[in-house]
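Structure first, commentary second.
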Amino acid sequence: LSFDYNGLLQGNICLQREEGSGCPNIQTLTSSQLGPDAQHAPVTVERIEKTATPLDDENFFVDLKITLRNIGGGEISGDKKTINNFNLRTVTGEGKFECSAEEPVFSNNAAIINCFSNNLKAEETSNEFPLFISYSFPYKMRIKAGPIPLVKINER
């Protein structure tokens, strides 16, 4: 069974200007924090490791290490075995991310993408930003039918 899959995952990242605001600048988001689609997609974001470094009173450099994992039991089909059109964005016009690869290549059912932004602002003590991750890929599922029993039919 082959099909084209389009994924859209949503999570939140936060930035803190002051210690103790409950929003760590080093944080790991797991697939369970990215909504139900992240847990049911054949290829999903397994985790996002965030490191936010203040540049001044409001601006942050944000580095995201994103691990994609093939959990569907099938394979990414196509010549390159890549995810197509990987895109990461926030809802703010300022929150643009640049990523190391728009088409990450998988090895051992996993791929890692590094994304960064140097123009996210925390105007409050801590700010939470919605994060949207979209991607597409051709996928081939393997269906196991199991052994087929052979039965000898007696002729009369």
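The values are calculated or read from the model by the stated rules, or taken from the named source; none is laboratory data. On a predicted model such as this, the values are computed, not experimentally measured, just so you know. Virtual Cβ from ideal backbone geometry, glycine too; neighbours counted across all protein chains shown. Heavy atoms of the whole protein, side chains included, go into the accessibility calculation; ligands, DNA and RNA do not. Shrake-Rupley method; radii C 1.70, N 1.55, O 1.52, S 1.80 Å.
Structural remarks
- Scanning region 42-74 for residues that are more than 16 Å from G7 (Cβ to Cβ), open to solvent by 50 Å² or more (accessible area, probe 1.4 Å) and either part of a strand (DSSP E or B) or among the β-branched types (V, I, T) (or both) yields E49, T51, T53, P54, F61, D63, K65.
- Annotation: I83 fulfils all but one of (1) surrounded by 18 or more Cβ atoms within 10 Å (Cβ to Cβ); (2) in contact with a Lys or Arg (Cβ under 9 Å, 6 or more places away or on another chain); the unmet one is (2).
- Restricting attention to region 127-156, the residues that are in a loop (DSSP other than H, G, I, E, B) and surrounded by 10 or more Cβ atoms within 10 Å (Cβ to Cβ) add up to 1.
- Scanning region 132-151 for residues that are out of contact with any helix residue (DSSP H, G or I) (no Cβ under 9 Å at 6 or more places or on another chain) and modelled with pLDDT of 80 or more gives F132, S134, Y135, S136, F137, P138, Y139, K140, M141, P147.
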